[in-house]
Amino acid sequence: MKHCLVVDDSRVIRKVARKILEELSFDISEAEDGRIALDACRQKMPDAILLDWNMPNMSGIEFLRALRKEAGGEHPIVVFCTTENDMDRISEALSAGANEYIMKPFDRDIIEAKFTEAGLV
Amino acid sequence: MSAIPSDDFAFLSNLLKRRSGLVLTPDKLYLVESRLMPIARKEGLADIAALISKLRQPGSETLQRAVTDAMTTNESLFFRDKTPFEHFEKVIVPSLLPSRPQKRLRVWCAAASTGQEPYSLVLTMAEKAAQFPGLSLDILGTDICAEVIARAQAGIYSQFEVQRGLPIQMLVKYFTKEGDNWRLKENIRQQVKYKLFNLLESLSALGQFDVVFCRNVLIYFDRDTKADIITRIAKILPEDGYLILGAAETVVGLTVPFQPHPTAKGLYVKAAAAALTPPAKVAAG
């Protein structure tokens, strides 16, 4: 079973994402900001990361840049999932090493489509 | 769902059959409610029965068209089912190009809806431009519904639509953001022409094509109409042309001049062309 880390400061979003991804046969763990997520990755690299942008302590983009410098940090497929929907932001995320990008609001179809696109489903 | 009186159902199915060829079987009853209630409301009518009663009155031409459009519009995604686009790039284009000195391929998307299918073809080949230098696609998208044709021409999609089937790298590369929506760039849009067209009309006015995409539309027709449309498509395709049907569709069991491509699922070649294909590498002389 593939392991996906869901990183979002909203408990509601984490819960919704967890439910959808569990139905897609992912093993889920959660982190509420980038710093906690980075610690979790240092313990054990997940296969996939669903990543919010705006979070306290460490934002999604800061987390992603740090992750890609870690040993084994190139392994996880990172899918941004954020209300940020400007072209500049999307380009910034891709050049920081994001594999896919979901603009909120999302639903099951979008998560499934994007995870398929990223080769995870 | 509220029941529809049988004579109302018969009237509606006759109307749809006559105007579009669509066969309204009882298993599609759920579509009647979901697609026609918005029209009934817009007309200030209480229910489907009242809408049908208005359709029966003289001078209901505009309403008849709106009802036909609503019943025949298909959901559309970018790169729907994926494989047809892979076949286009890996099988169809490489097989046709050597015999097309102009490097120009004419493609007809027979149920183009809001344009995702024709544009997905353009995007597929845009990504492979280096592999096929000089290739020019001349794509015609047709649909029976004027409203979806107008949307296809504009090439504007909602945030929801661009997130289903379209890789993010392609969104960045080929779209610009306009307000809350996303618009395909001019150089992509200009490779597709659109035209309002009913598949029951004569196809000869459309000209000749190398490839015809006719996906997820024949399912709405009865067997005879289906066979008739496919047979007429054969006449606008050269011997080496291709027909692509939807994932759940086939020509098997229909008397038509096509047969399945030996390896690429969903692709059909002319029966004569298949018969003429020489056996692989029989020793010469």
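What number of residues within the range A:80-93 are at the interface with another protein chain (Cβ under 9 Å from one of its Cβ atoms) and open to solvent by less than 10 Å² (accessible area, probe 1.4 Å)?
The number of residues fulfilling the criteria is 3.
Would you confirm whether or not the range A:35-57 contains a residue that is charged (D, E, K, R), within 14 Å of chain B (Cβ to nearest Cβ) and surrounded by 15 or more Cβ atoms within 10 Å (Cβ to Cβ)?
Scanning the range A:35-57, I find no residue that is charged (D, E, K, R), within 14 Å of chain B (Cβ to nearest Cβ) and surrounded by 15 or more Cβ atoms within 10 Å (Cβ to Cβ), so the answer is no.
Within the group A:Ala113, A:Ala96, which residue is within 9 Å of chain B (Cβ to nearest Cβ) and either open to solvent by less than 60 Å² (accessible area, probe 1.4 Å) or under 21 Å from B:Tyr157 (Cβ atoms) (or both)?
Matching residue, one of A:Ala113, A:Ala96: A:Ala113.
Any residue in the range B:52-63 that's in the same structural domain as B:Arg19 (by TED's automatic domain parsing): show its pairings with residues that are of a type in the set (Phe, Trp, Tyr) at Cβ separation under 7 Å, as long as the two are six or more apart or on different chains.
B:Ile52/B:Phe11; B:Arg56/B:Phe11
Could you list, in sequence order, the residues of the range B:18-31 that are more than 19 Å from B:Ala49 (Cα to Cα) and surrounded by fewer than 16 Cβ atoms within 10 Å (Cβ to Cβ)?
If the condition is that a residue be more than 19 Å from B:Ala49 (Cα to Cα) and surrounded by fewer than 16 Cβ atoms within 10 Å (Cβ to Cβ), then B:Arg18 is the only one that fits.
Sort out which residues of the range B:181-199 are assigned to a helix (DSSP H, G or I) and crowded, with 17+ Cβ neighbours inside 10 Å, and write them in order of number.
Correct list: B:Ile188, B:Arg189.
I need a count of the residues in the range B:200-214 that are modelled with pLDDT under 95 and surrounded by 13 or more Cβ atoms within 10 Å (Cβ to Cβ).
Of the residues in the range B:200-214, 1 are modelled with pLDDT under 95 and surrounded by 13 or more Cβ atoms within 10 Å (Cβ to Cβ).
Determine which single condition B:Glu239 fails, assuming it passes every other condition in (1) charged (D, E, K, R); (2) part of a strand (DSSP E or B); (3) over 14 Å from the mean Cα position of the chain (by Cα).
Every listed condition holds for B:Glu239 apart from (2).
Just checking, which of B:Gln153, B:Gln159 is in the same structural domain as B:Val217 (by TED's automatic domain parsing) and not in a helix (DSSP H, G or I)?
Among B:Gln153, B:Gln159, only B:Gln159 is in the same structural domain as B:Val217 (by TED's automatic domain parsing) and not in a helix (DSSP H, G or I).
The values are calculated or read from the model by the stated rules, or taken from the named source; none is laboratory data. Keep in mind that what you see is a predicted model, and the values were worked out from it rather than measured. All Cβ positions, glycine included, derive from the backbone under ideal geometry; neighbour counts span all protein chains shown. What goes into the accessible areas is simple: the full protein's heavy atoms, side chains included, and nothing from ligands, DNA or RNA. Shrake-Rupley method; radii C 1.70, N 1.55, O 1.52, S 1.80 Å.
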